[in-house]
Amino acid sequence: MNNKLRLNKMKTRILKSALVVVTLFATQGLFAQSKYGQDSTECFNNLSVYIEFYKQKNYKDAYPAWSYCYENCPASTKNLYIHGPNIVEYQIKANKANPAEAKKYTDILLGTETTPGVYDNRLKYFPDPKKTGYVYSSKGLDMLKYRSDDPQAAYDVFKKAYEAEGKEMSAAGLNGYFVAVIKLFQEKTLQIEDVFEQYDVVIEAVDFNVANLKTTVAELSAKKEEATITDKEEKELARAERELKAYGNLQSNIETQIGPIATCDRLVKIYTEGFEAHQADATWMKRAIRMMAKDRKGDDGEKVNCTDDPMFFKLAETLYALEPSAASATGMGKMFYQRKDFAKAIEYFKEAAEQEEDVNKKAENYLSAASAYQKMGQLASARSYAQKAAAIRKGWGDPYILIGSLYAQSADGNCGSDEFEIRAVYWAAIDKFNYAAAIDEEVRAKANKFAAAYKAQVPSRELIFGKSMQGKTYTVGCWINETVKVPNL
């Protein structure tokens, strides 16, 4: 039997099944309701047909029946609008070679100035405050896809989505929102100040969601380890992990887009010009400090920021006077760090960490304190605060890189009585770099680079044999007190 004959037989079966159901409902008088349109029997018949085809992902043959219902009984079921985008998008893609025909279907999906589209009609016939933002986000994403030459329209729709959902907006919606912002900046419709303002809106939503999702993942992961998690919680954990990954990817995308735009020269100019008008606005100050403190990749691939500029100092001091908080204390810590007043910097980083609720930011403040202790030569204290950072932010490699550098810094003759013992310190350092590379892909290249650089400093074959240590374990002394595995040469 060829495919065409099989398809015709399948359609016949679907129509017969639909007719049986229609007859049953008609005899029970259930089509008197106005939501089924003027011809309720025909409406229900087409509903049944399109849904059967939709279940089989046969969007091509679902379209005629779906279209009838969409036009003649639009209030019959919300499924028209849940299924509609997939069905109409199939037609758009199928008619890619025919721009006029593709536009016709795009107009059905997204609407025109005079005619509402699928998303608009969903909001009209099935309004739901809990889904309004989702519907607007979905529409905005399809506008970027099918009307890419009109980012302003997409931007306006994403703004409506944000107004409806606020910080709970989905990762996909926030990404689309910022893509539209960047497009408008490239078209010179939005100014650089507008881009930074919208960046703040989006990144605050990302931070909000990441913090909540990490709390959920931590709580449910603990239950999983204790074998007390329910099936429902297991699904919730999987969902939270997926969403957390999505927001993480979104954050990387946003930073990639903002990086080339948010140069220190631009930031200093904008915040210098806006300072007088906003010097009593704590929210503006926080956003300005965050933008200037944000790490970017420099020409050499290393992280750089704008915290050494006098404008950053001015912002930090003003915000702390306005509103002593975790954010303002962090700014003060960074300011004193840049001024090389490391003792003062440590005070503020500790204060910020104690007040901070976001575990990632708390960990960053502890690591900043550790770095300041390192600058003061207090290596044991530096390690202690790096360990605090690592303990509350699992899978973060930076604290271990810092600890490795502390160990390497100690290989100066003070941690050992002979050359073997002094050089063995580098094994402890390399272990930390290797561990950082193993747990955190983002720092892997950097950690491997350090490990390779110090590999040449470990005890030589002669020193190892001279101590008869090949293949054994050795405890590095001094303040380090780490056990390392000696190679079995």
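The values are calculated or read from the model by the stated rules, or taken from the named source; none is laboratory data. In this text, all values refer to a predicted model and were calculated from it rather than measured experimentally. Please note: Cβ atoms are built from the backbone with ideal geometry, for glycine as well, and neighbour counts cover all protein chains shown.
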Query - Pairs with Cβ under 7 Å, 6+ apart, first in the stretch 325-338 and free of Cβ contacts under 8 Å to residues at least 12 places away in the same chain, second in a helix (DSSP H, G or I) and among the polar types (S, T, N, Q) - result: none
Query raised in the report: Would it be correct to say that VAL135 is under 28 Å from GLY259 (Cβ atoms), in a helix (DSSP H, G or I) and not hydroxyl-bearing (Ser, Thr, Tyr)?
Result: no
Query raised in the report: Does the stretch 377-389 contain any residue that is under 25 Å from the mean Cα position of the chain (by Cα), closer than 30 Å to LEU213 by Cα, hydrophobic (A, V, I, L, M, F, W, C) and surrounded by 20 or more Cβ atoms within 10 Å (Cβ to Cβ)?
Result: yes
Report task. For the stretch 315-346, enumerate the residues that are over 30 Å from the mean Cα position of the chain (by Cα) and more than 20 Å from GLU276 (Cα to Cα). Result -> PHE336, ARG339, LYS340, ASP341, PHE342, ALA343, LYS344
Query - Scan of the stretch 379-419 for residues that are closer than 16 Å to ASP431 by Cβ and of a type in the set (S, T, N, Q), ordered by number - result: GLN387, SER405, GLN409, SER410
Requested in this report: Kindly provide the set of residues from the stretch 394-445 that are among the acidic types (Asp, Glu) and either outside any helix (DSSP H, G or I) or surrounded by fewer than 18 Cβ atoms within 10 Å (Cβ to Cβ) (or both), ordered by number.
Outcome: ASP412, ASP418, GLU419, ASP440, GLU441, GLU442
Query raised in the report: Do you know which residues across the stretch 461-480 are small (Gly, Ala, Ser) and surrounded by 14 or more Cβ atoms within 10 Å (Cβ to Cβ)?
Result: GLY477
Query raised in the report: Only one residue in ALA280, ALA262, ALA222, ALA227 is farther than 23 Å from GLU441 by Cβ, modelled with pLDDT under 90 and not in a helix (DSSP H, G or I), so which one is that?
Result: ALA262
**Report entry** Residue satisfying all of: in the stretch 216-232; surrounded by 14 or more Cβ atoms within 10 Å (Cβ to Cβ) and of a type in the set (S, T, N, Q); farthest from LYS361 (Cα to Cα) among these
**Finding:** SER221
Report summary line: Taking the stretch 74-102 and the residues there that are of a type in the set (Gly, Ala, Ser) and part of a helix (DSSP H, G or I), the one that is surrounded by the fewest Cβ atoms within 10 Å (Cβ to Cβ) would be ALA100
Report task. Could you tell me which numbered condition LYS344 fails, if it satisfies all but one of (1) assigned to a helix (DSSP H, G or I); (2) under 30 Å from VAL217 (Cβ atoms); (3) in contact with a helix residue (DSSP H, G or I) (Cβ under 8 Å, 6 or more places away or on another chain)? Result -> (2)
Query - Any chance ASP128 is in a loop (DSSP other than H, G, I, E, B), over 23 Å from GLU71 (Cα atoms) and within 30 Å of the chain's Cα centre (by Cα) - result: no
Query raised in the report: Pick from the stretch 154-210 the residues that are polar (S, T, N, Q) and outside any helix (DSSP H, G or I): which of them is surrounded by the most Cβ atoms within 10 Å (Cβ to Cβ)?
Result: SER170
Query raised in the report: Looking at ALA372, is it out of contact with any Ser or Thr (no Cβ under 7 Å at 6 or more places or on another chain), under 24 Å from PHE312 (Cβ atoms), modelled with pLDDT of 95 or more and in a helix (DSSP H, G or I)?
Result: yes
Query raised in the report: Mind checking whether some residue in the stretch 394-409 is over 30 Å from the mean Cα position of the chain (by Cα) and acidic (Asp, Glu)?
Result: no
Report summary line: With the first residue restricted to the stretch 162-188 and required to be closer than 22 Å to VAL210 by Cβ, and the second required to be acidic (Asp, Glu) and surrounded by fewer than 19 Cβ atoms within 10 Å (Cβ to Cβ), Cβ contacts under 7 Å at 6 or more apart or on different chains are LYS167/GLU204; ALA171/GLU243
Query raised in the report: For THR256, are the conditions met, namely being surrounded by fewer than 17 Cβ atoms within 10 Å (Cβ to Cβ), at negative phi and either part of a loop (DSSP other than H, G, I, E, B) or of a type in the set (S, T, N, Q) (or both)?
Result: yes
Report summary line: Residues in the stretch 240-257 that are hydroxyl-bearing (Ser, Thr, Tyr) and at pLDDT 90 or above total 1
Requested in this report: Provide a single number: the residues in the stretch 200-215 that are closer than 25 Å to GLU236 by Cβ and among the aliphatic types (A, V, I, L, M).
Outcome: 5
Report summary line: Taking first residues from the stretch 229-248 that are of a type in the set (Val, Ile, Thr) and second residues anywhere that are modelled with pLDDT under 95, the pairs with Cβ under 6 Å that are 6 or more apart or on different chains are ILE229/LYS223
Query raised in the report: Taking LYS269, is it under 18 Å from ILE192 (Cα atoms), surrounded by fewer than 22 Cβ atoms within 10 Å (Cβ to Cβ) and modelled with pLDDT of 90 or more?
Result: yes
**Report entry** Counted residues, the stretch 449-489 - those being of a type in the set (Asp, Glu) and in contact with a strand residue (DSSP E or B) (Cβ under 8 Å, 6 or more places away or on another chain)
**Finding:** 1
Query raised in the report: Residue check: is TYR119 closer than 22 Å to TYR177 by Cα, in contact with a Leu (Cβ under 8 Å, 6 or more places away or on another chain), outside the structural domain of TYR155 (by TED's automatic domain parsing) and not small (Gly, Ala, Ser)?
Result: yes
